[in-house]
Structures are given as structure tokens and as C-alpha cells.
Amino acid sequence: QVQLVESGGGLVQAGGSLRLSCAASGLTFSRYVMGWFRQAPGKEREFVTSINWNGGSTYYSDSVKGRFTITRDNAKNTVYLQMNSLKPEDTAVYYCAGRYNPYTYRSYSTYTAEEFDAWGQGTQVTVSS
């Protein structure tokens, strides 16, 4: 049973930081491209960032580039999202996702939600002004 479990969400003031974690089980973690998406109330799920199998290549949406950092620890089957300089518009449910692809990684554009196979249940991030 493939399972992704996010943690680390919460309430933070604008300008603050949070670190999200996503623990994976039931899969060969290193064979998955991992990513983070987010969904705000009344809006569609949007791409945040992605990372290749060994963490050597990443991609960020323009809205978070320079503020967020994605990393992974394959020995712990965990992917992280460090969020700094948070803004109220970052408020959303954040989802961890995995895409099975042991061969290639697209480092030059966003991914769509349809390109991912496994999803967590999400963790709420609320940024107050």
C-alpha cells in the first residue's frame, strides 16, 4: 500500500518559516520523482516544486522561487519543503506527490497533477498578515 503522509503544517505570521515533511512507504522511494502541490480555498491545485530521484535537480514555480526549497533524503524515504518568507497568499493545503519514473526528470517546466501517481492527504499551512 503506497502511502504519503505530510506533516509540519500550521499557523505562521507573514515573513515566518515552516518546514513540511512527507514520509513515504509502500514504494521504492528513489525511483519516484517527488513534488509538492498546494490548493487554496476556491482554487485549483497548483504546482509548487519538484525534485529528481537523488535531489540533484529541482524546479520551482515562479511564485515560490527563492523562498522555498525542496530536498529529499532517500535513506529516510522523506521529502521536505522548507518555506521561508511566507506570505498570506501561500495559505493553502499542501500536498506531497510522487511520480514513478526511474529514467527521466523534467527540470525545465512545471508538472501537472495528472502526471503524479501517489498523493498524500495534505497538511494545512495558514499565513496570517
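Every number in this text was worked out from the coordinates using simple rules, so none of it is lab data. This one's a predicted model, so the numbers in the text were calculated from it and none came from an experiment. Every residue, glycine among them, receives a Cβ derived from its backbone with ideal geometry; neighbour counts consider all protein chains shown.
Between beta-carbons, use under 13 Å as the cut-off and find the net charge around THR112, counting Lys and Arg +1, Asp and Glu -1. It would help to have the intermediate numbers written out before the result.
Details: positive: ARG45, ARG99, ARG106; negative: GLU44, GLU46, GLU114, GLU115, ASP117.
Result for the local shell: -2.
Straight-line cross-link partners of LYS76 among the aspartates and glutamates, defined as a Cα under 15 Å from its Cα and at least 8 positions apart when in the same chain: GLU6.
Please identify which residues in the stretch 1-42 have an amide N closer than 17 Å to a label point set 7 Å out from the Cα of GLU115, following the Cα→Cβ vector. Correct set: 31-38.
Here is the size of the stretch 1-49 from its Cα atoms: Rg then Dmax, 13.3, 38 Å. For LYS65, the aspartates and glutamates whose Cα falls under 16 Å of its own Cα, not counting residues fewer than eight places away in the same chain, are GLU46, GLU89, ASP90.
Taking θ as phi - 60° and the Karplus parameters 6.51, -1.76 and 1.60, the scalar couplings of the stretch 44-57 work out to 6, 5, 10, 5, 10, 6, 9, 8, 7, 4, 10, x, x, 9 Hz in sequence order, x denoting glycine and proline.
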